[in-house]
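A.B. asks: Below is a structure I'd like to ask you about.
The values are calculated or read from the model by the stated rules, or taken from the named source; none is laboratory data. Here the structure is a predicted model, which is why all the values come from computation and not from measurement. So basically every Cβ, Gly included, is an ideal-geometry build from the backbone, and we count neighbours across all protein chains shown. To get the accessible areas, we keep the full protein, side chains included, count just its heavy atoms, and leave off ligands, DNA and RNA. Shrake-Rupley method; radii C 1.70, N 1.55, O 1.52, S 1.80 Å.
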Amino acid sequence: MTLTPDLLQQHHQFQQKVAAYSLALATMSWDAYTIAPKAGGPYRNRMMAYLQGELFSITTAPEAIERIEVMSTQSYDPITDREIKQMKKELDKARYIPKDIYVAFSELVHNANDIWEQAKATSDYALFKPVLQQLIDQTKVLVSYRNDTRPVYDQLLDDFETGMTMADYDRFFDKLRSDLVPVIKKIKDKMVQKPEWLDRKVPVDVQAKVVDLLAKHLDYSKDTGAISVSVHPFSQDFSARDNRVTVRYLEDQFTSSIFALIHEVGHATYNGQVDVAYDGRYIRKSMTYGMHESQSRFFENMIGRSKAFWLPIYAEVQGLVDALKDVSLDEFIAGINFVEPSLIRIEADELTYPLHVMVRYEIEKGLFDGTLSAENLDQVWADKMEAYLGIRPQTAAMGVLQDVHWSGAAFGYFPTYALGSAYSAQWMHALRKDLDVEATLIANDFKAIKAWLADKIHRHGGVYEPAELLLQVTGEPFNPQYYVDYLVDKATTLYQL
Ligand code: ZN
């Protein structure tokens, strides 16, 4: 083929086509995870895999490859140059994969998710095990088409967080383990009882009202969002003006929906504040997972577990929730920050949370260096939980089957949760230089914090790599000390250590 001189125009047309397919697939995926009947799964999955195959053909077509290659040798505006560089990196991962292998993998992933849901519901690891092994094997096959000599797991880690390697994560987790485990032990020795009110039953319709109140408080509008229900809470980005979230309601654990909502609104706010001019462009969706978690965990923990956040709304929440009528604000804050080794990652307190992530990280490392397989992974999981957190899951649903990620072949994703949490402490440190965070929250002015995030972080979308943005916004490279200090200070105050 011959390239016309107006490559930039072709590039934008190409992106529009990709965006249209992506929007269709995102809508189908949202539908599948929320209201679609399970019985329609096999047909829906085939159709989604077909569309993904079409999208794959479009993005790996010879003219698309040639255009990206030519454009990557030229200079346009800085944003386009970044975008081309990122697209070339993605293209190089996909271009040598045969389409039939890619489509078969897409279908495997969709079906694996349905099998995982069943397996989790019945706590049957044996049901999930064969498909998990297939996902691991096929991921290795896909990666083998990249012509990249780095270890497979380093490549996967880099997919989710640009620049991160096993060596980096090993250092990071070593620090967390050495600095946090002694604090967890001190708290355990204090034998503080878990507040009884945390287990009180709160009807789902009441929880939904609290969720709505919090959404409003966080300036999350249903004009540009939606709140639905799914097995595993998530957020879905459609465009700057359409960012949706899900929660799940547990009647005897009502704080779960509260923090799921705050967390997912953190993701949705990030997506919703990307410069609207980037709609439909690659650059709008290329934020890393660590960056994304740094926003959701910032909302959930730095903001959502602080007294200043709850002060202006707590009376209203008490008005809705009978279970909180005799719980003072200080008791509430102590309860939502209660530290206790537990089995479920997404319900874990902030201090033990990174250890849950470390369990998954070590398992993934083993799955890709060949020292572990899907065989007995439920037992390996239980052993590691016992070693790091001192508790052992009695069922697979409370252990290896609890998270959706592996059913989606998202190997390399988990470590970004701990990393994002650490970034979020560094953002908070920077925010405090510009704003009195407590006073702003007490004045019920969350919009001011949202505006700071938009200006410093959100509007850029995926233009900058995390390392660049950290330097730009906070004036220094990534520094996990802020995270450790934040966790230790908070625990010291709450538990009078
Ligand atoms: Zn998240």
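A.B. asks: For segment 360-371, check the following and say yes or no: at least one residue is buried (at least 22 other Cβ atoms within 10 Å of the Cβ), touching a residue at least 40 places away in the same chain (Cβ under 8 Å) and among the basic types (K, R).
C.D. replies: Checking segment 360-371: at least one residue is buried (at least 22 other Cβ atoms within 10 Å of the Cβ), touching a residue at least 40 places away in the same chain (Cβ under 8 Å) and among the basic types (K, R).
A.B. asks: Has segment 414-424 got at least one residue that is in a loop (DSSP other than H, G, I, E, B) and within 16 Å of the ligand (Cβ to nearest atom)?
C.D. replies: The answer is yes, given that some residue of segment 414-424 is in a loop (DSSP other than H, G, I, E, B) and within 16 Å of the ligand (Cβ to nearest atom).
A.B. asks: Scan segment 425-464 for residues that are within 16 Å of the ligand (Cβ to nearest atom) and in a loop (DSSP other than H, G, I, E, B) and jot them down.
C.D. replies: I457
A.B. asks: Next question, about the same structure. Just the residues that are touching a Phe, Trp or Tyr at 6+ places or on another chain (Cβ under 9 Å) and of a type in the set (A, V, I, L, M, F, W, C), please, taken from segment 344-377.
C.D. replies: I346, L355, V357, M358, V359, I363, L367, F368, A374, L377
A.B. asks: Among the listed residues K194, K216, identify the single one that is open to solvent by 70 Å² or more (accessible area, probe 1.4 Å), within 16 Å of T269 (Cα to Cα) and more than 16 Å from the ligand (Cβ to nearest atom).
C.D. replies: Testing whether each residue is open to solvent by 70 Å² or more (accessible area, probe 1.4 Å), within 16 Å of T269 (Cα to Cα) and more than 16 Å from the ligand (Cβ to nearest atom) leaves just K216.
A.B. asks: Please determine whether any residue of segment 391-404 is open to solvent by less than 20 Å² (accessible area, probe 1.4 Å) and within 16 Å of the ligand (Cβ to nearest atom).
C.D. replies: yes
A.B. asks: Right, something else. From the list R46, R67, exactly one residue is buried (at least 18 other Cβ atoms within 10 Å of the Cβ) and either modelled with pLDDT under 95 or not aromatic (F, W, Y) (or both). Which is it? Please lay out each step first, then the result.
C.D. replies: On the way: R46 fails: buried (at least 18 other Cβ atoms within 10 Å of the Cβ).
Result: R67 is the single residue among R46, R67 that is buried (at least 18 other Cβ atoms within 10 Å of the Cβ) and either modelled with pLDDT under 95 or not aromatic (F, W, Y) (or both).
A.B. asks: Further question on the same structure: Count, please, the residues in segment 356-408 that happen to be under 24 Å from the mean Cα position of the chain (by Cα) and assigned to a loop (DSSP other than H, G, I, E, B).
C.D. replies: Of the residues in segment 356-408, 11 are under 24 Å from the mean Cα position of the chain (by Cα) and assigned to a loop (DSSP other than H, G, I, E, B).
A.B. asks: So, one more: Looking at segment 141-191, which of its residues are hydrophobic (A, V, I, L, M, F, W, C), surrounded by 15 or more Cβ atoms within 10 Å (Cβ to Cβ) and farther than 18 Å from K490 by Cα?
C.D. replies: Selection gives L142, V143, V152, L156, L157, F160, M164, M166, F172, F173.
One line per residue, one yes/no per condition, for (1) of a type outside the set (G, A, S); (2) crowded, with 17+ Cβ neighbours inside 10 Å; (3) more than 21 Å from the chain's Cα centre (by Cα):
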site: H292; (1), (2), (3): yes, yes, no
site: S296; (1), (2), (3): no, yes, no
site: F299; (1), (2), (3): yes, yes, no
site: L324; (1), (2), (3): yes, yes, yes
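A.B. asks: Can I ask one more? Taking R392, is it under 30 Å from L453 (Cα atoms) and of a type in the set (K, R)? Step through it out loud before you land on a result.
C.D. replies: Values: under 30 Å from L453 (Cα atoms): no; of a type in the set (K, R): yes.
So R392 does not fit the description; no.
A.B. asks: A24 is checked against (1) of a type in the set (G, A, S); (2) outside any helix (DSSP H, G or I); (3) open to solvent by 30 Å² or more (accessible area, probe 1.4 Å) and fails just one. What number does that condition carry?
C.D. replies: Result: A24 passes all but (2).
A.B. asks: While we're looking at this one, here's another question. Taking the condition of being away from the ligand (no atom under 16 Å from the Cβ), under 30 Å from Q9 (Cβ atoms) and part of a loop (DSSP other than H, G, I, E, B), how many residues in segment 280-317 meet it?
C.D. replies: The qualifying residues number 3.
A.B. asks: Being within 11 Å of the ligand (Cβ to nearest atom) and either among the small types (G, A, S) or open to solvent by 20 Å² or more (accessible area, probe 1.4 Å) (or both) is the filter here, so list the residues in segment 261-272 that pass it.
C.D. replies: The answer is H263, G266, A268.
A.B. asks: Right, something else. Could you list all residues from segment 468-477 that are within 18 Å of F172 (Cβ to Cβ) and either part of a loop (DSSP other than H, G, I, E, B) or under 18 Å from the mean Cα position of the chain (by Cα) (or both)?
C.D. replies: Within segment 468-477, E476, P477 meet the criteria.
A.B. asks: Please go through segment 226-238 and pick out each residue that is open to solvent by 40 Å² or more (accessible area, probe 1.4 Å), within 16 Å of the ligand (Cβ to nearest atom) and either part of a strand (DSSP E or B) or of a type in the set (D, E) (or both).
C.D. replies: Selection gives I227 alone.
A.B. asks: Of everything in segment 478-497, what is under 22 Å from the mean Cα position of the chain (by Cα) and not in a helix (DSSP H, G or I)? Give them in sequence order.
C.D. replies: Selection gives F478, N479, P480.
A.B. asks: Give me the pairs: first residue in segment 220-235 and within 17 Å of T27 (Cβ to Cβ), second residue more than 16 Å from the ligand (Cβ to nearest atom), beta-carbon distance under 6 Å, and six or more apart or on different chains, which are they?
C.D. replies: Final answer for the pair search is T224/R241; S228/T34; S230/T34.
A.B. asks: Could I ask something else about it? Of the residues that make up segment 332-355, is at least one open to solvent by less than 20 Å² (accessible area, probe 1.4 Å), out of contact with any Ser or Thr (no Cβ under 9 Å at 6 or more places or on another chain), in a loop (DSSP other than H, G, I, E, B) and within 16 Å of the ligand (Cβ to nearest atom)?
C.D. replies: Checked segment 332-355: no residue is open to solvent by less than 20 Å² (accessible area, probe 1.4 Å), out of contact with any Ser or Thr (no Cβ under 9 Å at 6 or more places or on another chain), in a loop (DSSP other than H, G, I, E, B) and within 16 Å of the ligand (Cβ to nearest atom).
A.B. asks: Within segment 29-85, which residues are within 21 Å of A19 (Cβ to Cβ), outside any helix (DSSP H, G or I) and not small (G, A, S)?
C.D. replies: Answer for segment 29-85, where residues must be within 21 Å of A19 (Cβ to Cβ), outside any helix (DSSP H, G or I) and not small (G, A, S): T60, Y76, D77.
A.B. asks: If you take the residues of segment 239-260 that are away from the ligand (no atom under 16 Å from the Cβ) and open to solvent by less than 20 Å² (accessible area, probe 1.4 Å), which of them is modelled with the highest pLDDT?
C.D. replies: F254
A.B. asks: Do any residues in segment 259-281 that are under 15 Å from A208 (Cα atoms) have Cβ atoms under 6 Å from those of residues that are open to solvent by 10 Å² or more (accessible area, probe 1.4 Å) and among the aromatic types (F, W, Y), where the two are at least six apart or on different chains, and which pairs are they?
C.D. replies: V265/Y220
A.B. asks: Looking at D349, D378, D326, which is the one that is of a type in the set (D, E, K, R) and over 30 Å from T122 (Cα atoms)?
C.D. replies: From the options D349, D378, D326, the qualifying one is D326.
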